[in-house]
Amino acid sequence: MSTIDLYVERAPLRFAGATASLESAAYAVLGVPFDSTSSYRPGSRFAPMSIREASINIESNSLTGAGLFIEEVIISDIGDLAVVHGDPKETLRRVESVVGELAGKGVIPIVIGGEHTITAGVARGLSRAGVRPCLLVFDAHLDLREDYLGCKYGHASAIRLAREAIAPDVTIYVGARAYAREELEYAASLGDSIQIISPVEVKKLGPSAVASHLRNRLSRCESVYLSFDIDALDPAYAPGTGTPEPMGLDAFEVFRILSLVVDERFVGMDLVEVNPLVDKTGVTSVLAARILQEFLLLREGRRRAR
Ligand SMILES: [Mn+2]
């Protein structure tokens, strides 16, 4: 039996009004409304619906000049994963099965969290399908803890777990600025396979120079996976998130970098940690919808240009 039939439920709204069936689609949107291990402000379980709602109410063009409109991209919004609150292990197992099935069909998973933990399930699913991408991570945090307060399968360990699943040659963080000493030491112990570009460096170098550095570092990667934690952005741009940190990226930097880096080698993305419960104006969901839409337009535009 298809694990998509087993574990995925139709959502009342579809991302960007997408109507394609999974059989005909190049991209599949999957919501994972899971937020059981959030250490500060829970509520990201409401993000898939909130981001879908925002996506229906924004214009369908590209902000960076990708040239396509979102209705020209064949997307299937398959719905939301039936998560098990309080059980990250079982939830990750379900994410893995569904993403494994999507990747096995050659469909690009576009996963909307939920807390960052779900990235580990996506990575396991890709690995199960034989896809071992390099990792590009936008995040204020490193999420490299071995455990946090005894919890091994939590959002503070998301990238560590994801790396264990796919053993990427290259892991690059953009926007990271908040971490524990043990995470920094763990990253340093992995040598140049992990690199951190802080917001201060983005300000100093400028987004175009950062993008050319990223392109260079990712040039030997056969495939790339993008994990986008909304808290990479400054809370001024993305206040609606569980664990905000000041001194973040601005929206222009994020879109500029993505526009110069995303290409047809990207095998999927997730967007995590939007928390509609603390997003008083709704702008964080709008920003998240725009980032997802831009990724789709950029990847599809580059693919068609080949
Ligand atoms: Mn984070």
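Residues of region 60-76 with an amide N closer than 15 Å to a point placed 7 Å from the Cα of residue 24 along the Cα-to-Cβ direction: 71-76. Among 108, 58, 291, a tally of other beta-carbon atoms within 10 Å of each Cβ gives an order, fewest to most, of 58, 108, 291. Counting charges near residue 61 (Lys, Arg +1; Asp, Glu -1) among other residues having Cβ under 12 Å from its Cβ returns a value of -3.
With neighbours defined as other Cβ atoms within 10 Å of a residue's Cβ, the residues 269, 1 order from fewest to most as 1, 269. According to the square roots a ≥ b ≥ c of the eigenvalues of the Cα gyration tensor, what is the shape class of region 98-172, taking rounded for a/c under 1.5, prolate for a/b larger than b/c otherwise, and oblate for the remainder? Prolate, because a/c is 1.5 or more and a/b exceeds b/c. Comparing 107, 283, 272 in a Gaussian network model of the chain where C-alpha atoms under 10 Å apart are linked, the largest mean-square fluctuation is found at 283. Over the residues of the chain, the helix contribution to mean residue ellipticity at 222 nm works out to -11500 deg cm²/dmol, using -39500 (n - 2.57) for each DSSP H run of at least 4. What separates the Cα centres of region 17-62 and region 152-198 is a distance of 25 Å. Annotation: extensible slack from residue 10 through residue 74 equals 21.3 nm (criterion: 0.36 nm per residue apart, minus Cα-Cα distance). Gain on full extension, evaluated as 0.36 nm per residue between residue 40 and residue 220 minus their Cα-Cα distance, stands at 61.0 nm. With neighbours defined as other Cβ atoms within 10 Å of a residue's Cβ, the residues 198, 285, 24 order from fewest to most as 24, 198, 285.
Restricting the trypsin sites (Lys or Arg not before Pro) of region 189-238 to loop positions (DSSP other than H, G, I, E, B) with no more than 10 neighbouring Cβ atoms within 10 Å leaves 220. Answer rounded, prolate or oblate for region 3-305, using the Cα gyration tensor with square roots of eigenvalues a ≥ b ≥ c: rounded when a/c is under 1.5, else prolate when a/b is larger than b/c, else oblate. It comes out rounded by the Cα gyration axes. Charge tally for residue 170 (other residues, Cβ to Cβ under 13 Å; Lys, Arg +1; Asp, Glu -1): +3. In the chain the longest region clear of GluC sites (Glu not before Pro) that are loop-assigned by DSSP and have at most 14 other C-beta atoms within 10 Å covers 60-145. Per-residue extension of 0.36 nm, minus the Cα-Cα distance of residue 148 and residue 250, leaves a gain of 33.8 nm for this segment. What's the longest uninterrupted piece of the chain once you rule out the chymotrypsin sites (Phe, Trp or Tyr not before Pro) that are loop residues per DSSP with at most 16 other Cβ within 10 Å? Longest stretch, sites excluded: 70-306.
Any read-out appearing in this document is the output of simple, stated calculations on the displayed coordinates, not a laboratory observation. Predicted model, so just to flag it, every value in this text is computed and none were measured. All Cβ positions, glycine included, derive from the backbone under ideal geometry; neighbour counts span all protein chains shown.
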